[in-house]
1. Count, please, the residues in segment 124-160 that happen to be closer than 17 Å to V225 by Cα and among the β-branched types (V, I, T).
2. Inside segment 5-46, can you point out the residues that are of a type in the set (D, E, K, R) and open to solvent by 50 Å² or more (accessible area, probe 1.4 Å)?
3. Which of the residues belonging to segment 53-83 are of a type in the set (A, V, I, L, M), within 15 Å of P108 (Cα to Cα), surrounded by fewer than 23 Cβ atoms within 10 Å (Cβ to Cβ) and in contact with a Leu (Cβ under 8 Å, 6 or more places away or on another chain)?
4. Give the number of residues within segment 142-168 that are of a type in the set (A, V, I, L, M, F, W, C) and part of a helix (DSSP H, G or I).
5. Could you check F118 against (1) among the hydrophobic types (A, V, I, L, M, F, W, C); (2) touching a strand residue (DSSP E or B) at 6+ places or on another chain (Cβ under 8 Å); (3) modelled with pLDDT under 95 and say which number it fails?
Amino acid sequence: VLDDALALPLAGAEGRALMERLRADLPGERWLSFSRWVCVRARLPEDLVAAAIRAGVHQYVILGAGLDSFAFRRSDLCDDGLRVFEVDHPATQAWKRARLEELGLGRPANLVFAPVDFERQTLHEGLAAAGFAFGAPAVFSWIGVTLYLSLAAIRATLATVAAGAAGTRIALTYNRPRSALHGLGLAVETTLAGIIAELGEPVISLFEPAEIEQLLRRCGFDGIVHVGPEEAARTYFPGRGDVRFGGAQRLVVATVPAAAGPDGAPSRTCC
């Protein structure tokens, strides 16, 4: 599903320690459930990019990129003229660039770092400064972020993406409330919630599938596709009856439609 040989080297000693902690606290099927989902949530946006390139799209934006290694791993896609924009806080990007230098990894020619301090500038301003072409369609990836943001911040980001060119797509994760979970899902989420709390990351926004779809539609998106445990298993582990997913997180994909017309097509303004 995902072959990322750079993940551990980039994460360094702290990343390896966290992985071992997760392995210890999520025994057996819980670890398999969690790690497989992490692979799926990374792979799905890359599949969207592959399909978009075939349709003539040449921009990929990774929001909250962190230590993402797409631009280094997927030369099969990047060689087709794809520009990759990594958006993150300036301090986070400086840390990542230092790690890349320590590992002796040069920046690929098609990779553009777009540092954005949301206390001082908007996502639109940050992308514009990085040379993003708002008049051309793109794929946006927003993975593992929304649960830490306020509803207002989520809306603001979605509004920026929705104002883009028709055909632009976004894949994002969201987390369901604990009350909606049971069995394996509840067990995995209980462990992860404890670790997240220790790391000092408050969880702010949770959604049910109908709620995130409503938000996306209000922001002007269409073509909503939900990807939960069943869809993930069917797509990436076909014929594997032993694969189960647990946890609070799901994926959803949405598309920017053509501009509103007299037929009442969706508008692109968040409300």
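The values are calculated or read from the model by the stated rules, or taken from the named source; none is laboratory data. Just so it is clear, the model here is predicted, and its values are computed rather than measured. Using ideal geometry, Cβ is built from the backbone for each residue, glycine included, and neighbour counts are taken over all protein chains shown. Quick note on the areas: whole protein, heavy atoms, side chains included, nothing else; ligands and nucleic acids left out. Shrake-Rupley method; radii C 1.70, N 1.55, O 1.52, S 1.80 Å.
1. 2
2. Selection gives E14, R16, E20, R21, R23, D25, E29, R30, R41, R43.
3. L67
4. So the count comes out to 10.
5. Among (1) among the hydrophobic types (A, V, I, L, M, F, W, C); (2) touching a strand residue (DSSP E or B) at 6+ places or on another chain (Cβ under 8 Å); (3) modelled with pLDDT under 95, the lone unmet condition for F118 is (2).
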